[in-house]
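See structure below.
What follows is calculated from the coordinates using simple rules that are stated; it is not laboratory data. All figures in this text were calculated on a predicted structure; none of them were measured in a lab. Here the Cβ is made from the backbone with ideal geometry for all residues, glycine too, and neighbour counts use every protein chain on show.
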Amino acid sequence: MGAARRVDSYTARWRKSAHRVRNGLRRSGVDYFRGDGSDWIALAALLLTVPAIAFGTIVMPVWCAPSMLVLPIVAGGLLLRPASLLGLYAAAATALIVESVVLGPYTQGPARVTPGTVLTVAACGFFGLVVAQFRARVGVPWRRGGTMLFDLRERIRVQSALPQLPKGWHREMALRPAGGQSFSGDFVVAARTNGGRTLEVVLTDVSGKGMDAGSRALLLSGAFGGLLGSLPPHDFLPAANGYLLRQNWDEGFATSIHLVLDLETGEYELLSAGHLPALQLHAGSGRWEEKSGEGPLLGVYDGAEFDPGKGVLAPGDVLMLFTDGLVEAPGRDISEGVDRLTGEADRYVSAGFEGAAWHLIEAVAKDVNDDRALLLLCRD
């Protein structure tokens, strides 16, 4: 009985130890792939592959070429920190020396370590070290970089979401970045204010396009989203202008149009900061009319004034806000682009504008290498 208890006790202790080791490895792996832990697991795994490759090269040099050592080196450039990467490079260099000694001079037959093999491995190591140093300087591990960019893109998308409108109103927004990228210099912030009676929408076009303007657009969308609804409508653009001036960016300007719409009466005001006019379709006449306020670009000079333009959306009317990428093209006047946009939009008058925003961008500016944004508001 005593021996059986000792065996059971030993087995229990062994299971507890194995459980602790397993949990420790699991936590280390999770921390590593979150970018919070040490890279010793990846380093140990890659260090084990180096002698395995060297052994395969010595045993089967035709099938396992000496240049296969670039595989752990490339993986190390993506996974390891610069200090750990140097240890991996030392192991790879040692493996090359062992292979060359065991296999003999490269002049005595194929599948040996040649000067070209050494140069290839060294070049891959150099570029891997450059990548690792860049990641270390930025402070974002490769395994978190993609997640962070995805999170930033989703934040812009959420901030650009339009609020639900009461019955009798339809709204939709379409945004297409330049070059098929995930980030755009065009963005929208919107909110319902005045107890939900008023819809405020700001469409902004930051200087630049695509990834170059995406970081500034993210910063501005957060700032503009905080200002919208916190200030009276006529104070929004002056506050946004002051915020942009304080950034001191080399490309610090932006255009913006601010819509303030009464959802009960259909009356609205448009305040513009150097932005293209909006277009209103009058259901009674079937004609498009340009609507805009007056004001300079954001971020140009302090004390700028913005005078509103006014209008009314009657039942059946449509209001379109858009950025210049939708109507502007090299060698073509903007008025021609506006005419093309309204011509395509006329096709939706009889059937309704449900789902029309994205199709209008596809029809009017599908191949334009610029950020394009279109906002549609319809009163049923």
Fully extended contour minus Cα-Cα distance, from residue 114 to residue 289, at 0.36 nm per residue: 55.6 nm
Column: log10 I(q)/I(0), Debye, Cα scatterers of segment 324-380, q = 0.12, 0.15, 0.25 Å⁻¹: -0.27, -0.42, -1.04
Under 5 Å, built H, 5+ apart or other chain: amide partners of residue 283: 317, 318
Karplus 3J(HN,Hα) series, Hz, for segment 287-304 with 6.51 cos²θ - 1.76 cosθ + 1.60 (x for Gly, Pro): 10, 9, 10, 7, 10, 6, x, 10, x, x, 4, 6, x, 9, 8, 7, x, 5
Pairwise label distance in nanometres, residue 333 with residue 14, each label 7 Å out on the Cα-Cβ vector: 8.9 nm
Inter-probe distance in nm under a simple model that places probes 7 Å from Cα toward Cβ, at residue 347 and residue 235: 4.6 nm
FRET efficiency estimate (nearest 0.05) - Cβ-Cβ, residue 123 to residue 102, R0 25 angstrom: 0.55
Paramagnetic reach from residue 248 in segment 289-304 [backbone N under 18 Å; point 7 Å along Cα→Cβ]: 299-302
Mean Cβ count within 10 Å, highest first, over the residues of peptides 315-322, 64-71, 370-377: 370-377, 315-322, 64-71
Distance (nanometres) between label positions extended 7 Å along Cα→Cβ at residue 130 and residue 167: 6.4 nm
Extension gain (nm, one decimal) between residue 194 and residue 380, 0.36 nm per residue minus Cα-Cα: 64.7 nm
